[in-house]
Amino acid sequence: MSKLYIPEILLADDDNDDCMFFKDALEELQAPTNLTTVSDGEQLMDYLEKVKYIPDVLFLDLNMPRKNGYECLKEIKQNYRLKNMPVVVISTSFEPGIVELLQEQGAQHYICKPATYYELVKVTHQAVTLIIQSQNTDQPTTADFVISPRILVQ
């Protein structure tokens, strides 16, 4: 009998409400996942340094205290042990220059935080599906980098 694979998902976000909504959105996937949350960049990097197994995907908020998402992404991609971990950046803003920079720095995908819970469920599902099912750490094309609630996994 084979063991059920349960993806390990790490969320780095300092907003408690956003963390709760994200957790609820994951639960709506109707597939088991293990979610760990950290609330700032220093806590994220400490966690990643100590954890035995690298998470299957990191959802990384850009605007966090103590160490922001840009700094964390740079450290992760320069770390031999962590560099292949898929990172999905989430942010409240959408600036094309910043999105391009994040892609160049090695983020797997970019999500502009949706306005509604329904859209959050859809983009979370799409991101988890793209990362977990494909197990592909190659950089996506520019067209596939941004995950939008208007481009949904069916």
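The values are calculated or read from the model by the stated rules, or taken from the named source; none is laboratory data. Remember, predicted model here, so these are calculated numbers, not experimental data. Note: ideal-geometry Cβ built from the backbone for every residue, glycine included; neighbour counts use all protein chains shown. When the accessible area is computed, the model is the full protein with side chains, heavy atoms only, and any ligands, DNA or RNA have been set aside. Shrake-Rupley method; radii C 1.70, N 1.55, O 1.52, S 1.80 Å.
Annotation: residue 88 fulfils all but one of (1) modelled with pLDDT of 90 or more; (2) within 18 Å of residue 24 (Cβ to Cβ); (3) out of contact with any strand residue (DSSP E or B) (no Cβ under 8 Å at 6 or more places or on another chain); the unmet one is (3).
Filtering the stretch 3-42 to residues that are open to solvent by 80 Å² or more (accessible area, probe 1.4 Å) and without any contact (Cβ under 8 Å) to a residue 40 or more places away in the chain leaves 3, 4, 5, 16, 17, 20, 23, 27, 30.
Number of residues in the stretch 57-69 that are open to solvent by 40 Å² or more (accessible area, probe 1.4 Å) and within 16 Å of the chain's Cα centre (by Cα) equals 2. For the stretch 129-140, does any single residue satisfy the condition of being at pLDDT below 85, open to solvent by less than 30 Å² (accessible area, probe 1.4 Å) and part of a loop (DSSP other than H, G, I, E, B)? Yes, the stretch 129-140 contains a residue that is at pLDDT below 85, open to solvent by less than 30 Å² (accessible area, probe 1.4 Å) and part of a loop (DSSP other than H, G, I, E, B). When the stretch 101-123 is filtered for residues that are more than 22 Å from residue 20 (Cβ to Cβ), open to solvent by 60 Å² or more (accessible area, probe 1.4 Å) and touching a residue at least 12 places away in the same chain (Cβ under 8 Å), only 105 remains.
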